[in-house]
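These notes are about the structure you will find just below.
The values are calculated or read from the model by the stated rules, or taken from the named source; none is laboratory data. Keep in mind that this is a model prediction, so the values were computed, not measured. Please note: Cβ atoms are built from the backbone with ideal geometry, for glycine as well, and neighbour counts cover all protein chains shown. Note: areas computed on protein heavy atoms with side chains; ligands, DNA, RNA excluded. Shrake-Rupley method; radii C 1.70, N 1.55, O 1.52, S 1.80 Å.
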Amino acid sequence: MSETQLRAPSFPAPRAHPFDPPRLVSELRESACPVGRVSLYDGTPAWLVTRHEDVRRVLSDSQFSAEGGWRFQSSASRVAAERAETSFTVMDPPQHSYYRRLLIRHFTVKRVERLRPAIQAIVNSAIDEMIAGSRPADLVSQLALPIASRTMCHVLGVPYEDHQWYEERSEVRSLLDADPAEAQRATQDLLDYVDRLIDRKQRSPGEDLTSYLAAELLEPGLVTRAELIAILRLLLTAGHETTGTMIGTGTLVLLLHPEQLAALRRDQALMGPAIEELLRYLSILHSSIVRVAKVDVELGGQRIRAGDGLIAAPAQANKDHRKFPEPDRFDIERDASGHIAFGFGVHQCLGQAIARLEMKVAFEQLLVRLPGLRLACDPADLAYESSNLISVRTLPVTW
Amino acid sequence: MRIRVLRERCVGAGQCVLRAPSLFDQSEDDGMVVVLAQTPSSEDERAAIAALGACPSGTIRLDP
């Protein structure tokens with residue numbers, strides 16, 4: 001294969017089924033050049049990394065930078081959204097390390113476990129409300145998203161009354177086909193919102209992360225106001241979108257595999273492994289995890305030049321049969337550990353303990369309280385978002 | 001087998017705690033890795049190896 005392809009395939013590429021990789025990815029992964037040239041929405045070239053070990057390497061090797069990745073997002077509106085990012089997610093060590101370390105203690109497994117009673121209450125109220133309403137219900141908007149959003153509000157001290165407002169603006173930033181100017185406005189709106197939230201919490205602190213961070217970090221000058229705003233804006237969106245998607249689309253996967261759902265009901269001990277397998281199987285991040293080569297480097301037999309962009313997404317890594325035999329099969333009894341649904345390297349998801357806890361409580365309660373839960377439509381009629389996340393748009397259910 | 005950690009690399013992902021809760025914890029003060037048992041029992045050796053592989057920042061080292 002020559003070093004430059006005259007007509008590099010377009011990315012993102014169409015999927016035959018929303019949960020399966022595009023054929024482009026599977027073919028590249030098995031080819032002699034598993035790091036393949038692709039062409040983004042405006043013709044910008046990028047490298048698509050398709051093997052698990054290569055994605056792991058890109059995400060953990062300091063020769064690949066998290067800075068400047070916005071250039072390699074998948075659409076004009078995604079570029080507009082990411083361009084404005086200034087938080088530690090787009091920094092490399094040692095700069096990244098400084099900010100990350102200021103936050104770690106709030107996100108440890110033990111600290112997060114203290115949220116369990118609040119999450120239980122949130123999940124149960126959401127189920128109460130859904131079952132008090134009419135059937136069929138939309139599990140996405142009536143259960144999955146409210147659980148994720150209310151939990152984020154509880155953690156950050158954001159008023160849930162504002163949820164429609166910030167959910168809409170978060171969504172615009174995630175959609176692939178949004179108007180770039182709207183994505184930019186939405187980003188600024190969220191930054192301004194967080195700025196006002198910090199103000200309120202400084203005047204009247206509560207038992208929430210915004211208040212703690214304002215007191216611990218902002219007041220002593222460990223971060224600037226702009227830096228805290230960027231961090232909190234990140235937590236606001238990351239704190240509800242991804243988890244809401246996993247709860248909603250994850251429930252769909254369970255409903256599509258009734259034998260495994262039944263096994264889960266019989267044996268609670270399968271819940272942990274089932275969640276890991278849902279994370280692996282769905283790998284909701286398919287295009288937005290990008291890195292930029294700092295130097296010329298060889299990867300997967302390909303020569304990468306300094307400044308080249310690489311798409312190193314979980315969706316590509318987690319369906320590599322070298323790591324996960326029969327990767328396209330959903331199987332809660334497989335060993336899904338080693339999946340990189342939460343990423344890898346120093347940027348691995350800070351909120352993953354919260355995400356796991358929310359999913360555990362949500363699925364546990366769903367199984368217990370709605371034993372008859374089932375799809376209220378033909379799975380072929382379901383629609384999926386065209387966004388940076390693989391996500392079902394609505395999920396009609398009955399019980 | 002002896003567990004060694006390069007604490008300055010830790011990013012608090014908590015994978016070590018998930019894989020080997022009898023061997024690793026996260027500090028209450030700064031959230032960074034704490035080694036609970038420097039020499040794992042033979043039953044825990046597999047978990048130690050799993051933790052090494054799962055650590056996203058290369059913080060965990062195992063010496064013979």
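Observations on the structure shown:
- Note on the range A:3-398: the C-alpha convex hull projects to 18.7 nm² when averaged across all orientations.
- Euclidean distance between Cα centres, the range A:303-358 to the range A:52-130, Å: 14
- Gyration tensor analysis over the Cα atoms of the range B:2-63 returns equivalent ellipsoid semi-axes of 17, 11, 10 Å (largest first, whole Å).
- Normalised by the number of residues in chain A, the average gap of Cα pairs under 8 Å and 6 or more apart makes the relative contact order 25 percent.
- Reported to the nearest whole Å, the Cα centre-to-centre distance from the range A:140-188 to the range A:226-296 is 17.
- Top positive-direction residue, dipole computed over the range A:3-398 with Cβ charges, set A:234, A:398, A:103: A:103
- Note on the range A:129-215: the C-alpha convex hull projects to 7.0 nm² when averaged across all orientations.
- Rough spin-label spacing in nm, given labels placed 7 Å along Cα→Cβ, for residue A:185 and residue A:256: 3.6
- In chain B, GluC sites (Glu not before Pro) in a DSSP loop with at most 11 other beta-carbon atoms within 10 Å: B:28
- Partner chain coverage, peptide A:335-344 - average Cβ within 10 angstrom: 2
- Carbon + sulfur, % of accessible area of the range B:2-63 - ligands and nucleic acids excluded, 1.4 Å: 49
- Summing charges over neighbours of residue A:360, with a neighbour being any other residue whose Cβ is under 14 Å away from its Cβ, gives -3 when K and R count +1 and D and E count -1.
- Under 28 Å from the Cα of residue A:319 - lysines, other chains or at least 8 residues apart: A:294, A:360
- Global geometry of the range A:305-372, whether rounded, prolate or oblate, following the gyration tensor of its Cα atoms and the 1.5 cut on a/c: oblate
- Of the two radii for the range A:245-328, the radius of gyration is 1.14 times the Kirkwood radius, both from the alpha carbons; that is the Rg over Rh value.
- Between A:242, A:187, A:44, the Gaussian network model of chain A with springs among Cα atoms under 10 angstrom shows the greatest mean-square fluctuation at A:44.
- Take the accessible area of chain B alone and of chain A alone, subtract that of the pair, and you get about 1600 Å² summed over both chains, using a 1.4 Å probe.
- Only one residue of A:297, A:124, A:88 has its Cα farthest out toward the positive end of the dipole of the protein assembly as shown, where Lys and Arg carry +1 and Asp and Glu -1 on Cβ, and that residue is A:297.
- For peptide A:353-364, the mean count of partner chain Cβ atoms within 10 Å of a residue's Cβ comes to 1.
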